[in-house]
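Step one of this worksheet: look at the structure below.
Just so it is clear, none of the values below were taken in a lab; they were calculated from the coordinates. Computed from a prediction, not measured in an experiment: that's the story for all the values here. Cβ placement follows ideal geometry from the backbone for every residue including glycine, while neighbour counts extend to all protein chains displayed.
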Amino acid sequence: MLILEFVTAAVVVFFICAYFRLPVLWWTLAYGVIAVLTENVPLIVAFAVIAAVLNISFLRRILVTNHVLAVYRRILPDMSQTEKEAIDAGTVWWDADLFSGKPDWDKLLAVPQPKLSAEEQAFLDGPVEELCAMCNDWEITHEHQDLPPHVWQFIKDKGFLGMIIPKSYGGMGFSALAHSAVVMKLSTRSGAAAISVMVPNSLGPAELLLHYGTGQQKTYYLPRLAKGQEIPCFALTSPEAGSDAASIPDYGVVCKGVWQGKETLGMRVTWDKRYITLGPVATLLGLAFKLYDPDKLLGGKEDLGITCALVPTNTPGVNIGRRHLPLNAVFQNGPNSGKDVFMPLDWIIGGADYAGKGWMMLMGCLAAGRAISLPTSSTGGVKALTRFTGAYARVRSQFKTPIGKLEGVEEALGRIAANCYVMDATRVMTAGSVDLGEKPAVLSAIAKYHMTERARQSVNDAMDILGGKGICLGPNNWVGRGYQMTPIAITVEGANILTRTLIIFGQGAIRCHPYVLREMRAAKEMSGVEAAREFDDAFTSHVGHVIANAVRAWIHGITTSRLAPTPRSGAPELMHYYRFTSRLAAAFAFLADMSMAGMGGALKRKEKISGRLGDVLSMLYLISCTLKRYEDQGRIKEDLPLVRWAVRDMTYHAQHAIDQILSNFPIKWMATLLRWTIFPLGMSFRPPLDARNRDCAQLVLSPGAARDRLTAGMYVPKSESDATGILEAAFQATIACEPIDEKLRKAVKKGKMTPRPGMDLGSLAREKDLITAEELVQWQRKEVLRKAVIKVDDFPQDFGRAEIAEQAQTRSFVRAA
Ligand SMILES: Cc1cc2nc3c(=O)[nH]c(=O)nc-3n(C[C@H](O)[C@H](O)[C@H](O)COP(=O)(O)OP(=O)(O)OC[C@H]3O[C@@H](n4cnc5c(N)ncnc54)[C@H](O)[C@@H]3O)c2cc1C
């Protein structure tokens with residue numbers, strides 16, 4: 001066999017075996033045939049030796065993988081118990097497919113579309129609609145600086161605080177999707193109402209009790225929480241420990257004391273917490289602190305670790321009630337503290353057996369709440385922005401044109417609409433995963449980070465579109481408070497910088513990767529032959545995984561994604577997006593492995609690199625949600641511009657992140673190799689076209705099914721006495737009057753009438769018989785609505801403080817009567 005033929009055959013076999021990820025035996029057989037055909041005895045012998053080592057696990061371990069294991073053990077940094085518990089928490093789902101480099105699209109499309117039950121829908125159409133109608137955001141944020149008492153009572157009475165509590169304990173027993181739908185709808189109306197409902201249904205006393213509570217704790221507290229007889233809060237954060245929550249200095253010491261007249265085994269707890277939502281009005285304080293047992297009264301360790309207890313806030317020594325003022329958001333939030341407060345051991349959630357297990361409990365329950373709360377409230381906010389900013393951009397004209405039709409405004413509006421589509425898609429798919437029984441640790445972090453960031457971008461876009469109307473606060477400003485509140489969502493439940501740079505890729509690389517966790521466990525938690533076997537299997541599979549992804553990334557690169565996998569039953573109009581995403585997934589998986597190999601433990605500190613790796617993973621997830629939504633909703637062609645703009649934007653962003661990683665990769669030769677593999681023909685993903693952006697903006701500049709679908713599930717007030725209710729009416733009236741406006745414009749242009757400042761153009765046109773009497777009525781109504789919509793609020797010198805106090809008093813008298 002000629003050398004050239006031999007080399008060519010070897011290369012072809014390499015690509016085929018790697019691309020299809022064939023087992024080592026297949027590689028061996030294929031290369032064996034080539035080796036035999038060369039008739040070169042030394043080569044055949046060398047091949048036989050290598051083949052034996054690769055195929056006989058005992059030899060492979062002795063000669064290769066045991067040595068790798070020894071090095072790996074030396075370089076693998078030790079993990080603290082809290083780090084381990086954080087890594088182990090939750091489950092992996094579609095994120096594992098993305099990390100594999102070969103997402104199985106058919107599997108994703110086979111996941112049933114999450115749906116609300118009739119009872120859940122009825123709750124949304126009934127009590128939730130009613131609660132929204134009761135909330136006046138200006139009154140809440142400016143006049144009451146709290147939810148008014150009757151709103152609080154309604155929330156408690158209707159069971160809003162017990163949505164995650166099963167019916168057997170008197171709760172609503174709602175699905176994650178329904179819980180999300182309720183919070184989303186409330187978020188389109190009042191941030192304070194949404195947060196006050198959201199927090200008791202997220203990580204806190206109820207969730208912890210459901211998973212870990214003793215029977216007695218559950219039967220006592222859950223029905224009380226469900227009916228709003230207890231207002232819960234959960235206090236983890238302290239002045240010294242914010243993002244690094246595991247380092248809380250709050251402590252308890254196990255000791256004997258007198259409780260209700262009897263000597264009782266308990267603990268003396270000292271804490272100083274801040275930022276605690278619902279804290280100032282809470283009756284039940286979920287408290288995290290470190291528990292010590294210096295006298296070994298519990299019989300074991302002295303340093304037991306983080307412990308969670310439920311403390312009635314009327315316990316002597318509990319200081320609670322003062323408030324912070326988080327950016328005028330006015331939901332209840334404040335500090336609390338206690339010094340040497342004695343409490344019985346059975347206040348520990350789960351009882352004394354769960355002393356020291358608090359961090360594991362918190363991490364175990366974090367994902368479900370994080371998957372819902374902030375992704376949902378952000379989506380609600382953006383739905384409201386989409387609907388109302390679109391309407392305003394049609395009602396408000398400058399340069400004789402509705403501002404939404406000016407290209408600069410259109411750009412921002414189209415972006416809001418497409419973001420809204422992506423966010424709702426992600427909200428539904430992530431909440432749906434919780435209903436499938438997942439505790440999506442990594443996906444909930446992706447959803448939290450990206451939904452809150454998209455909300456920030458959208459509210460900035462909306463503010464730009466609204467101009468002064470968004471800036472002057474008052475009852476007629478429906479965006480200003482949301483704008484003020486946006487950084488709250490960015491900061492809580494894992495501040496965004498940390499979530500992006502430490503959690504998404506950091507946790508993803510270990511949890512979602514098919515082999516890394518197995519290798520780590522073999523290295524750190526196993527020993528002897530067991531460790532050697534497990535490591536050998538994981539490591540050799542890992543090597544195959546890297547080679548396969550490198551080859552796939554390169555082949556998809558030189559074929560510009562044409563061979564990349566697609567689902568069998570996907571929408572034909574989306575096929576190229578599936579291909580692009582499959583290509584990016586292979587590139588991401590290869591790049592992730594090479595980054596871990598190249599930088600090792602230092603990657604954890606290289607947050608700029610790991611943040612960008614997290615961005616690529618996140619874009620892959622968000623694209624998956626977007627494509628799935630389009631398929632689930634029945635491939636509605638009218639929505640296609642939103643999908644197109646969003647997917648193009650996200651593939652472009654993913655490419656940009658990869659480019660930035662490669663430009664900053666610390667090992668230059670590796671960066672070059674990676675660039676050749678991932679972008680063999682250069683960077684081919686382009687940003688979305690302006691025409692697509694225009695199509696997206698058009699969908700929200702006109703009433704219709706697409707606009708309603710995009711903003712489905714939000715509260716739309718019907719009353720014209722409401723700032724957004726009148727905006728909706730003005731929007732409809734403006735569109736209905738456009739032919740009349742056109743007539744007036746033409747009449748002026750042709751000199752049939754000459755308007756002067758202050759003149760009612762419609763009446764003039766009627767006088768000259770240019771429009772009918774009905775048209776005049778219609779036009780004048782539109783003008784009244786338009787003027788009301790563009791109006792901004794003004795106040796007396798004292799900003800009406802005296803008047804507000806008087807009005808509040810009158811209202812409370814009226815309600816009391
Ligand atoms: C309105 C509000 C409500 C809240 N509700 C509650 C509640 O109910 N219960 C509760 O226990 N807590 C609550 N919190 C606390 C919240 O979870 C913390 O604010 C959050 O964890 C961040 O802590 P910090 O504000 O002290 O910021 P810091 O920890 O000081 O962080 C400052 C900045 O540093 C970044 N950072 C920190 N570490 C890293 C890292 N390793 N890598 C990169 N960047 C990093 C952060 O991302 C952030 O940008 C609330 C906070 C607010 C503001």
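For segment 1-51, the Kirkwood hydrodynamic radius comes to 11.1 Å, computed from all pairs of different C-alpha atoms. Rounded to the nearest 20, the Cβ-based charge dipole of segment 469-529 about its Cα centre (Lys and Arg +1, Asp and Glu -1) stands at 100 debye.
As a rough guide to protection, the peptides 465-475, 272-282 ranked by mean Cβ packing within 10 Å, highest first, stand as 272-282, 465-475.
Which helices of the chain meet both criteria: a Cα extent of 30 Å or more along the helical axis and a mean Kyte-Doolittle score no lower than -1.0, with helices taken as whole DSSP H segments? Membrane-span-like by this rule: 358-395, 407-435, 441-466, 528-558, 575-599, 607-632, 640-664, 723-749.
When each of the peptides 252-264, 374-386 is scored by how many other beta carbons lie within 10 Å of its residues on average, the order from highest to lowest is 374-386, 252-264. Which residue, chosen from L764, V792, V716, occupies the Cα position most advanced towards the positive end of the dipole of segment 694-817, where the dipole is computed from +1 (Lys, Arg) and -1 (Asp, Glu) charges on Cβ about the Cα centre? About the Cα centre, the residue reaching furthest to the positive side is L764. Charges were assigned to the Cβ only: +1 to each Lys and Arg, -1 to each Asp and Glu. The resulting dipole of segment 302-395 about its Cα centre is roughly 880 debye. Take 446-452, 212-218 and order them by the average number of nearby Cβ atoms within 10 Å per residue, most first; the result is 446-452, 212-218. On a per residue basis, the convex hull of the C-alpha atoms belonging to segment 643-696 measures out at 67 Å³.
What is the sum of charges around N549, taking Lys and Arg as +1, Asp and Glu as -1, for the other residues whose C-beta is under 14 Å from the C-beta of N549? With Lys, Arg at +1 and Asp, Glu at -1, the net is +2. Shape summary of the chain, radius of gyration then Dmax from alpha carbon positions: 30.8, 107 Å.
Pairs with C-alpha atoms separated by more than 19 Å, drawn from the list K102/K628; K115/K156; K158/K383; K84/K608; K606/K668, are K115/K156; K158/K383; K84/K608. For K752, a cut-off of 18 angstrom between C-alpha atoms picks up these aspartates and glutamates, skipping any fewer than 8 places away in its own chain: D741, E742, D760, E767, D769, E775. Convex hull volume of the Cα atoms of segment 72-140, normalised per residue: 243 Å³. Taking the Cα centre of the chain as origin and assigning +1 to Lys and Arg Cβ atoms and -1 to Asp and Glu Cβ atoms, the resulting dipole is close to 1360 debye.
Volume per residue for segment 703-817 equals 186 cubic angstrom (convex hull of Cα atoms). In a DSSP loop and with at most 10 other Cβ atoms within 10 Å, the trypsin sites (Lys or Arg not before Pro) in segment 488-585 are R568. Taking the charge dipole of the chain about its Cα centre, with +1 at Lys and Arg Cβ atoms and -1 at Asp and Glu Cβ atoms, the residue from L662, L502, T430 reaching farthest to the positive side is L662. For the charge dipole of segment 253-382, defined by +1 on Lys and Arg C-beta atoms and -1 on Asp and Glu C-beta atoms about the Cα centroid, which residue among L366, N336, G381 has the Cα displaced farthest towards the positive pole? Result: G381. Our summary of shape: the Cα atoms of segment 228-281 have principal axis extents of 38, 32, 13 Å, ordered from largest down, in whole angstrom.
Only alpha carbons enter this Debye calculation for segment 434-528, each as an equal point scatterer, and the log10 of I(q)/I(0) it gives at q = 0.11, 0.15, 0.21 Å⁻¹ is -0.51, -0.73, -1.01.
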